[in-house]
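Comments concern the structure below.
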């Protein structure tokens, strides 16, 4: 692995060299810090073994991601309903103005 396209990260006091596209180093380091924090929390909850810690952390983070996606979807649905109501309101206002102008 080329050192130019790699970065050293630390997870649970272990060092890993990972591939990293140019310009993404800061994002990868931030992600590694977040992952390390999550793994430490799982380990501190008395989960033993690196593989079990990694799997439990991955499950927790997957759950977090799915909840965030649901929230975004829910927000999109709400936005679509509001837009639909606004469209109906505009149509009713236009119909009212058309009827009024005929009087």
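Values quoted throughout were computed directly from the atomic coordinates according to the rules given, and no laboratory measurement underlies them. In this text the structure is predicted, and so the values were computed from the model without any measurement. Glycine also receives a Cβ, built like all others from the backbone with ideal geometry; neighbour counts cover every protein chain displayed.
Results for (1) closer than 30 Å to residue 14 by Cβ; (2) assigned to a helix (DSSP H, G or I); (3) touching a strand residue (DSSP E or B) at 6+ places or on another chain (Cβ under 6 Å), shown as yes or no for each residue.
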{"residue": "26", "(1), (2), (3)": "yes, yes, no"}
{"residue": "36", "(1), (2), (3)": "yes, yes, yes"}
{"residue": "60", "(1), (2), (3)": "yes, yes, no"}
{"residue": "67", "(1), (2), (3)": "yes, yes, no"}
{"residue": "74", "(1), (2), (3)": "no, yes, no"}
{"residue": "86", "(1), (2), (3)": "no, yes, no"}
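Among the residues of segment 12-24, write down those that are out of contact with any strand residue (DSSP E or B) (no Cβ under 8 Å at 6 or more places or on another chain) and farther than 19 Å from residue 59 by Cβ.
Matches in segment 12-24: 13, 14, 21, 22, 23, 24.
If only one of 22, 99, 54 is loosely packed, with under 10 Cβ neighbours inside 10 Å and in contact (Cβ under 8 Å) with a residue 12 or more places away in the chain, which one is it?
Only one candidate qualifies: 22.
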